[in-house]
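Take a look at this one; I'll ask things after.
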Amino acid sequence: MSGKSVIEMTDIVKTYYLGTPNELEILHGINLSVQEGEFVSIVGPSGSGKSTLMNIIGALDHQTSGEYTLDGVPMRQMGSYKLSQIRNRKIGFVFQTFNLIPRSTAQGNVELPMLYAGVSRRERARRAAQLLEMVGMGERARHMPNELSGGQKQRVAIARAMANDPAILLADEPTGALDSATGRMVMDIFHRLHEEQGKTILLITHNNELALETERIITIRDGRIHSDCPNTPIRPEPEEARYESA
């Protein structure tokens with residue numbers, strides 16, 4: 001870790017249906033700091049507010065009050081165009097549901113963020129092929145999503161998240177739809193990205209075993225940070241099963 005703070009949140013409150021009889025406060029004054037190169041897990045049960053928090057961290061939503069800066073830039077001051085640029089270039093997203101474009105190949109899915117970023121066709125193709133190789137999907141670059149297993153789709157999604165070389169990866173329950181062996185492969189990829197490329201990774205999960213693999217465990221309950229503890233990662237041996245079978 002460099003000691004440089006990339007995420008700073010102070011007194012973050014998120015309220016839905018503001019000013020109506022149904023007003024509902026989900027986050028109640030979150031204070032959070034994440035340094036460059038950290039591998040952090042945010043753990044909590046369904047309804048604890050962890051996904052709402054991730055949406056704010058990922059510039060997918062605004063807080064109702066409080067201050068959030070990403071790499072020193074106050075997010076509330078950003079317009080929609082600037083926020084879309086930040087999401088495209090600074091943050092990579094990996095979701096439980098993969099979110100692949102069904103009518104595009106694995107290669108096309110990985111190229112898409114680069115297309116939006118104005119990267120040339122030749123460079124898009126080169127980098128997408130390189131990223132698919134990195135996650136063990138090079139031989140399936142021309143396959144459509146409906147021709148891929150869940151684990152293969154998730155590895156394509158990780159390659160897509162890395163398309164514009166973001167500084168931060170946000171992974172929301174990335175193994176939740178996978179069997180244990182395939183989930184192990186996905187976690188191994190995150191570990192490699194952290195160790196070899198120094199990516200800052202935030203893993204949103206309800207799985208305590210996955211959280212134990214990270215350097216820091218933040219537990220959120222009822223919209224508040226219940227604990228924030230450094231951790232000595234307990235990482236299983238890398239999955240030896242062949243990528244082709246997952």
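Report the local net charge at ILE56: Lys and Arg +1, Asp and Glu -1, summed over other residues whose C-beta lies under 14 Å from its C-beta.
With Lys, Arg at +1 and Asp, Glu at -1, the net is -2.
Give me log10 I(q)/I(0) at q = 0.10, 0.16 Å⁻¹ for the chain, Debye formula, one equal scatterer per alpha-carbon, no solvent.
-0.48, -1.20
Could you tell me the convex hull volume per residue, in Å³, taken over the Cα atoms of the range 1-55? Please report the intermediate quantities before stating the final value.
Working: hull volume 4.5 nm³, N = 55.
It is 83 Å³ per residue.
Please give the per residue accessible area of the range 102-246, computed with a probe of 1.4 Å over protein heavy atoms only, in Å².
I get 49 Å² per residue for this part.
Can you figure out the FRET efficiency of GLU237 with ALA167, using R₀ = 35 Å and their beta-carbon distance, to the nearest 0.05?
Efficiency for this residue pair is about 0.75.
So what is log10(I(q)/I(0)) for the range 1-134 at q = 0.19 1/Å, when the Debye sum runs over its Cα atoms only?
Taken in order of the listed q values, log10 I(q)/I(0) reads -1.21.
Which whole-Hz ³J(HN,Hα) couplings does the range 107-124 yield from phi under the Karplus relation 6.51 cos²θ - 1.76 cosθ + 1.60, θ = phi - 60°, glycine and proline marked x?
Once rounded to whole Hz, the list reads 4, x, 4, 6, 6, 4, x, 6, 4, 5, 8, x, 6, 5, 4, 5, 5, 4.
What percent do you get for the relative contact order of the chain when only Cα pairs under 8 Å and 6+ apart count?
26 percent
Taking every pair of alpha-carbon atoms in the range 46-113, what share in percent sits in each 5 Å bin, from 0 to the bin with the longest distance?
Pairs per bin, as whole percents: 3, 14, 22, 22, 15, 13, 8, 2, 0.
Say a site is exposed when it is one of the trypsin sites (Lys or Arg not before Pro), sits in a DSSP loop, and has at most 14 other Cβ atoms within 10 Å; what is then the longest site-free stretch of the chain?
With a cap of 14 other Cβ atoms within 10 Å, the longest stretch comes to 143-241.
Same structure, new question: When the Cα atoms of the range 94-189 are enclosed in a convex hull and the volume is divided per residue, what value in Å³ results? Please report the intermediate quantities before stating the final value.
On the way: hull volume 8.6 nm³, N = 96.
Taking the convex hull of the Cα positions in the range 94-189, it is 89 Å³ per residue.
Rounded to the nearest percent, how much of the accessible area of the chain (1.4 Å probe, protein heavy atoms only) is carbon and sulfur?
So the carbon and sulfur contribution to the accessible surface is 48 percent.
With a sphere of radius 10 Å drawn around the Cβ of LYS4, what net charge do the other residues whose Cβ falls strictly inside it have (Lys, Arg +1; Asp, Glu -1)? Walk me through the numbers on the way to the answer.
Values: positive: none; negative: GLU36, ASP71.
Summing Lys and Arg as +1 and Asp and Glu as -1 gives -2.
Let me ask something else. Mean residue ellipticity at 222 nm from the helices of the chain, using -39,500 (n - 2.57) per DSSP H segment of n ≥ 4 over the full residue count, to the nearest 500 deg cm²/dmol?
-9500 deg cm²/dmol
Over the range 1-99, what is the relative contact order in percent, taking alpha-carbon pairs closer than 8 angstrom and at least six residues apart?
Dividing the mean separation by the residue count of the range 1-99 yields 31 percent.
The values are calculated or read from the model by the stated rules, or taken from the named source; none is laboratory data. Keep in mind that what you see is a predicted model, and the values were worked out from it rather than measured. Here the Cβ is made from the backbone with ideal geometry for all residues, glycine too, and neighbour counts use every protein chain on show. Note: accessible area is taken over every heavy atom of the protein model, side chains too, but ligands, DNA and RNA are not part of it. Shrake-Rupley method; radii C 1.70, N 1.55, O 1.52, S 1.80 Å.
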